[in-house]
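To start, the structure itself, in structure tokens.
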Ligand code: ADP
Ligand code: MG
């Protein structure tokens with residue numbers, strides 16, 4: 001069955017500041033959507049709001065997954081229903097090893113070993129789903145996924161993201177995704193700061209899940225990753241909404257004409273000010289992350 005994340009007229013912000021201004025977007029399984037747009041247009045805010053980061057306040061519109069009101073659910077509940085967010089700035093979690101973190105996350109989501117990626121949880125009570133994974137099976141799957149992501153197996157015993165390089169953190173985000181097999185993934189600049197080899201590995205990870213049971217919203221500034229992970233749809237975000245949508249041809253068009261063109265299309269006279277980088281192009285590191293840690297449930 002196709003699954004569908006449906007965003008209608010979404011307005012949201014933080015600390016009294018409105019960032020999303022009536023955004024519409026639908027992402028279905030089987031589809032890869034690229035989301036582009038200048039710094040500060042609200043891409044990471046959208047990712048955080050969809051994932052249920054409690055630091056953000058929704059002031060209008062709706063988000064549903066297969067008709068179920070998503071905004072009423074906690075971050076953990078959203079993850080259990082098959083949503084995954086790869087952070088632009090992955091958080092370091094000292095004291096929790098990669099191995100323990102992923103095992104706990106998998107037990108909570110109970111991802112079957114070799115079924116389609118659109119398998120959801122079997123019951124809604126996390127406690128009922130614990131312990132369904134043998135250590136042997138788990139380690140085998142983890143090692144296989146790590147080999148695929150060309151990551152050293154020694155990472156299993158390291159604390160999550162602690163002291164990881166930028167590229168290692170991004171690989172880790174994709175490794176988690178490969179293990180958890182979400183139905184819908186939001187990948188927030190998983191390509192930023194990567195050299196070309198690391199970029200290829202990250203793209204390979206996304207392409208591995210690509211198929212009927214998997215949909216993704218790939219937030220990026222660059223054409224490079226879209227050469228590896230060909231998007232079905234491309235959207236351009238500007239000042240809190242999607243101002244332009246199209247097919248893959250839009251990527252080259254943007255590359256040629258720049259975001260000034262987008263500002264122009266959006267009818268923005270103050271575009272010079274609007275697209276100056278404000279020097280802080282994301283908030284994940286500053287926003288409360290408690291809810292996200294409980295998603296994986298392994299932080300204890
Ligand atoms: P993008 O990911 O497209 O670069 P963001 O969603 O990170 O954009 O940010 C959108 C706007 O919201 C920016 O102007 C940013 O400075 C602002 N913003 C985001 N988070 C906060 C916050 N915690 N406090 C104040 N302003 C914020
Ligand atoms: Mg961002």
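No lab work stands behind these numbers, since they all come straight from the coordinates. A quick note: this is a predicted structure, and the numbers were derived from the prediction, not measured. For neighbour counting, all protein chains shown are included, and Cβ atoms are generated from backbone atoms with ideal geometry for every residue, glycine included.
Could you work out the Kirkwood radius for the stretch 1-65, taking every pair of different alpha carbons, averaging 1/r and inverting it, reported in Å?
12.4
Using 0.36 nm per residue of separation minus the Cα-Cα distance, give me the extension gain between residue 17 and residue 139 in nm, one decimal.
39.4 nm
If a paramagnetic tag sat 7 Å from the Cα of residue 68 along the Cα-Cβ line, which residues of the stretch 175-196 would have the backbone N under 19 Å from that point?
What the label zone holds, given the 19 Å backbone N cut-off, is 180-186.
To the nearest 0.05, what FRET efficiency results for residue 261 and residue 165 with a Förster distance of 22 Å applied to their C-beta separation?
For R0 = 22 Å, the calculated efficiency reads 0.05.
Between residue 58 and residue 2, what is the FRET efficiency for a Förster distance of 25 Å, r being their Cβ-Cβ separation, to the nearest 0.05?
Given R0 = 25 Å and the Cβ-Cβ separation, E is 0.50.
Taking only the C-alpha atoms, wrap a convex hull around the stretch 148-234 and report its volume per residue in Å³ as a whole number.
Looking at the stretch 148-234, the number lands at 93 Å³ per residue.
Tell me the label-point distance for the pair residue 200, residue 158, using the 7 Å Cα-to-Cβ offset, in nm and rounded to one decimal.
2.2
Taking 0.36 nm per intervening residue step and subtracting the Cα-Cα distance, what contour gain separates residue 148 from residue 223 on full extension?
Extra length available between residue 148 and residue 223 comes to 24.6 nm.
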